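In what follows, a structure is listed as structure tokens, so that the remarks can point back to it.
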Amino acid sequence: MSQRKELSPQPPILRQPPTHLPDDVVLNILLRLPVKSVLRFRCVHKSWNSSITSSNFISTHLNNSNSNNNENDNDDDRAYLIHMPAIYTPSNNPVCMVACDRKFNRISEYPIPSELHLNCPEIVGSCNGLVCLAQYGNGLTIAEVIYLWNPSIRKSKRLPDTCLSQYDSVATGFAYQCENNDYKVVKISSLRAPNRPEDEVEAEVYTLSLNSWRRVGISLRPNVVVSNVKYYSSATFVNKALHWLGYISEGDGQFLNQNMILSFDVNNDKFGEIALPRGQVLPQGLVAVPQSLMVFKGKLAFITFGYPVIYHGFMLTHTPCFIWVMGEYGVHESWNKLFSVQFENVIHVQGCTKHGELLVEKELKTESDDGELQRSNDSVIVSFDPETLHEKDLGIQHLPLIATSFMESLVLLDGAT
Amino acid sequence: MKFCTVKQYFDDENNNNVTNGIATTVIPLPNKHLKIKANNKEMEQYEQELLRNVMPQELTKLILAANYLNFKEALDFFCRTVANAIQNKSVDYVRKFFGLESDFEPGEEEKLCKEFAWSFEGVDED
């Protein structure tokens with residue numbers, strides 16, 4: 001005999017209000033989360049995973065971070081500067097890239113993966129959380145290698161080999177092309193031309209969306225040729241263009257190796273030139289030589305060193321350094337000598353922070369037993385404010401690589417190898 | 001225009017579940033926001049207060065109400081509050097909060113978690 005279980009009367013089914021949030025609201029919430037949280041929440045649900053790894057989400061998340069940065073005048077807790085060791089000595093301490101705030105205090109650390117332990121690398125540039133690292137070729141044994149690296153998601157991408165020789169690279173540049181939400185790397189090589197007395201300078205451009213290199217001709221005014229570009233220099237990115245200190249030769253050998261600024265427009269992939277203001281003659285017949293390009297409070301700028309005698313590339317004597325700023329981009333008359341600075345023991349000017357502090361590498365003089373100051377092999381990085389003349393030892397050791405802009409982002413999450 | 005939608009919302013019988021709490025929280029929000037917009041610290045404190053007094057399910061209802069009413073300031077405020085609340089929480093917590101269940105294949109989820117294992121460090125205990 002079968003028994004049929006009597007079903008107890010079901011309560012009337014109430015119209016349940018929706019408890020699930022609509023997709024666009026969920027996205028609204030996810031877009032506000034920091035990178036680490038976003039990555040972790042990929043595991044919540046398949047739909048979340050596909051949203052988060054879409055290029056639309058990645059660029060919207062980036063734009064949100066950027067607009068938050070701009071709204072907040074109080075950006076003391078945001079990354080102001082990043083630095084990483086240039087030389088990797090085997091030790092028990094994990095090798096990290098360090099992000100510092102406005103007061104140069106350590107706020108975050110990012111481990112550097114082993115594949116990026118390059119031989120004398122350079123930071124080519126840093127845009128939207130992507131850091132471009134290059135190991136220059138040395139003309140003989142060391143081939144050039146370039147990486148794009150996002151430390152906050154711990155993903156890196158090695159760029160394919162270039163068309164031109166990997167051993168003659170001279171200078172590089174890294175830029176963000178906002179029109180296409182794309183990234184570009186420019187490489188300039190100086191090739192030994194067999195038939196000509198001068199080297200030939202050639203260029204090629206890598207575009208991330210195409211993941212390929214293509215050669216780009218450098219054509220300036222008629223009869224003008226780029227004879228060289230400052231060796232091992234990384235471009236200064238400002239006004240949607242990359243800039244390097246370079247040298248041109250004009251006419252039939254009449255005007256050789258004149259200083260100038262070589263520019264590369266990231267939108268139309270064209271090279272151009274920006275003339276430098278006429279050189280100043282310093283006392284004692286010294287000449288002010290443009291040393292480094294930088295961005296000073298949003299404007300293209302450069303600093304000159306006076307060179308009397310060059311001993312190991314260090315500027316030993318007290319000579320005034322001039323900081324020139326181009327008030328209006330592309331307008332020659334707007335070059336303005338804003339500051340004249342006396343530096344001591346300066347080896348190199350690494351760049352300039354967002355608020356106009358120079359990052360200067362100085363030789364560390366130590367006092368010997370008999371009270372004499374002696375030269376040493378150690379150097380120290382200081383920030384120097386040319387307006388207040390305030391100098392601060394940043395406490396960074398071991399000849400670091402420095403970049404003056406960094407933010408956390410998800411860029412490369414959708415395409416890292 | 002906002003008030004027309006509000007009236008409609010309350011008249012709609014499907015929304016009988018709208019409690020007084022929502023009316024008293026959502027509607028005065030823009031004024032409150034304007035008053036304390038200048039001071040981020042105060043806003044944070046207000047957010048903390050809100051979270052303490054409101055259960056996650058209530059918060060979801062608040063968001064839905066703000067969304068229905070097309071109340072952008074309120075919606076942004078609640079989304080920001082939720083984002084701050086969940087940013088350091090575990091995957092399980094977030095699933096419960098949003099009423100979701102994992103739809104990954106057994107091996108898939110593990111693989112994904114392993115890829116970004118470091119992002120699970122320092123997460124709040126449930």
Quick one: if you stick a label point 7 Å off each Cα along the C-beta vector at A:D414 and A:I142, how many nm between them?
3.6
For peptide A:46-55, how many partner chain Cβ atoms fall within 10 Å of a residue's Cβ, on average?
2
Taking the Cβ of A:L39 as the centre, find all other residues whose Cβ is under 15 Å away and add up their charges (Lys, Arg: +1; Asp, Glu: -1).
+4
Ranked by Cβ crowding within 10 angstrom, fewest neighbours first, how are A:Y136, A:Y206 ordered?
A:Y206, A:Y136
Grab the Cα-Cα distance for A:V225 and A:N63, subtract it from 0.36 nm times how many residues apart they are, and report the gain in nm with one decimal.
54.3 nm
Between segment A:240-267 and segment A:315-359, what is the C-alpha centre distance in whole Å?
20
Within 10 Å of the Cβ of an average residue in B:63-70, the count of other chain Cβ atoms is 3
Please list, ordered by chain and number, the residues whose modelled amide H lies under 5 Å from the amide H of A:S233; skip anything fewer than 5 residues away on the same chain.
A:T172
So, R0 is 45 Å and r is the distance between the beta-carbons of B:K72 and A:F255; what FRET efficiency does that work out to, to 0.05?
0.15
Nearest-0.05 FRET efficiency for B:E58 and A:Y232, computed from C-beta distance (R0 60 Å)
0.50
With r as the distance between the Cβ atoms of A:L210 and A:K270 and R0 = 25 Å, compute the FRET efficiency 1/(1 + (r/R0)^6) and round to 0.05.
0.90
How much length, in nm to one decimal, is gained on full extension between A:K103 and A:N336, taken as 0.36 nm per residue of separation minus their Cα-Cα distance?
81.0 nm
Extension gain, B:D124 back to B:L112 (0.36 nm per residue minus Cα-Cα distance, nm):
2.3 nm
Total formal charge among the other residues, if their Cβ is under 13 angstrom from that of A:V131, Lys/Arg +1 and Asp/Glu -1:
+1
Using the basic label-point model (7 angstrom from Cα toward the beta carbon), what is the B:Q45 to A:H117 distance in nanometres?
5.1
Neighbour net charge for A:N28 - beta-carbon separation under 10 angstrom, K R +1, D E -1
-1
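FYI, it's all coordinate maths here, none of it is from the lab. In this text, all values refer to a predicted model and were calculated from it rather than measured experimentally. Glycine also receives a Cβ, built like all others from the backbone with ideal geometry; neighbour counts cover every protein chain displayed.
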